[in-house]
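One structure is given below, encoded as structure tokens.
The values are calculated or read from the model by the stated rules, or taken from the named source; none is laboratory data. All figures in this text were calculated on a predicted structure; none of them were measured in a lab. FYI the Cβ positions are ideal-geometry reconstructions off the backbone, even for glycines, and counts take in every protein chain you see. With ligands, DNA and RNA removed, areas are computed over all heavy atoms of the protein, side chains included. Shrake-Rupley method; radii C 1.70, N 1.55, O 1.52, S 1.80 Å.
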Amino acid sequence: AIGTVLVSFSLLAYLFVYNFRDPVARAFVSLLGFATFVYVGDVFLATARLPANHPAGRFWLHFEWIGIALVVPATMQLGNALLLATGDRSSRRHLALAAAYAVGAAVAALQIGSDAIVDGVVGTAGSLYLAPGPWFPAAAALFFLGTLEATRWLWRARQRSLTARSRHRTTLLLVSVVAPLGVFPYLSAGG
């Protein structure tokens, strides 16, 4: 987790400073930023080895959930930016992206302010997680549907690439779909 935080933050800082005007780079920066949220929380939880009843453990778990809730819309933003770069403009896709960010922000707010998505802290020191709330299955379904849609957008952008070099670069960016799957709270889903 520490290595992931260092590499992603370094790449995030580099892209932010040197490629801020590029919409694809901005979308990738937001994806890296939200994934970094999750891994920073993991680092603090793993190194502190807090018991389940410690308030700092609850804080860091909710901090992670901000990234978890917004990493899928960021992946969709990357797919949209790539499709725009290939000349594919769609008002429906822009509406879907805005809806994804609205749902992600709502999930982030609900997990902080209520027990609807996630409930209390459970687990042992070093492997704490938030228990699923009553709306967790719906949030998980939206998470995976959004990831599937982002993958479809990225694949479509790869298919629309005209040169072998741009197809290769888009294929490398297609690997970024691992970000949402890598941050999903599997412990909350299955205990």
To the nearest 10 Å², what's residue 94's accessible area with a 1.4 Å probe? 80 Å²
Euclidean distance of C-alpha centroids, segment 52-77 and segment 137-154, integer Å: 17 Å
Take every Cα pair under 8 Å in the chain that's 6+ residues apart, average their separations, divide by the length, and report that relative contact order as a whole percent. 23 percent
Students sometimes get this wrong: rank 148, 32 by accessible area, probe 1.4 Å, all chains present, largest first. 148, 32
What accessible surface, in Å², does a 1.4 Å probe find on residue 64, ignoring ligands, DNA and RNA and rounding to the nearest 10? 20 Å²
The chain pair-distance distribution - Cα-Cα, 10 Å bins, rounded %: 10, 35, 33, 17, 5, 0
Calculate, in nm to one decimal, what residue 102 and residue 167 gain on full extension: separation in residues at 0.36 nm each, minus their alpha carbon distance. 20.3 nm
Give me the dipole magnitude in Debye, nearest 20, for the chain about the Cα centre, with unit charges on the beta carbon: positive for Lys and Arg, negative for Asp and Glu. 920 debye
Segment 32-87: which chymotrypsin sites (Phe, Trp or Tyr not before Pro) are DSSP loop and have at most 11 other beta-carbon atoms within 10 angstrom? none
Sort 66, 112 from largest to smallest accessible area, using a 1.4 Å probe on the heavy atoms of the protein chains. 112, 66
Compute the semi-axes of the equivalent ellipsoid of segment 1-89, taking the square root of 5 times each eigenvalue of the Cα gyration tensor, and list them largest first in whole Å. 31, 14, 7
Can you give the extra length, in nm with one decimal, that the chain gains between residue 119 and residue 138 once fully stretched, where that is 0.36 nm per residue apart less the Cα-Cα distance? 5.4 nm
Calculated from DSSP H runs of 4 or more alone, at -39500 (n - 2.57) each and per residue, what is the 222 nm mean residue ellipticity of the chain, nearest 500? -25500 deg cm²/dmol
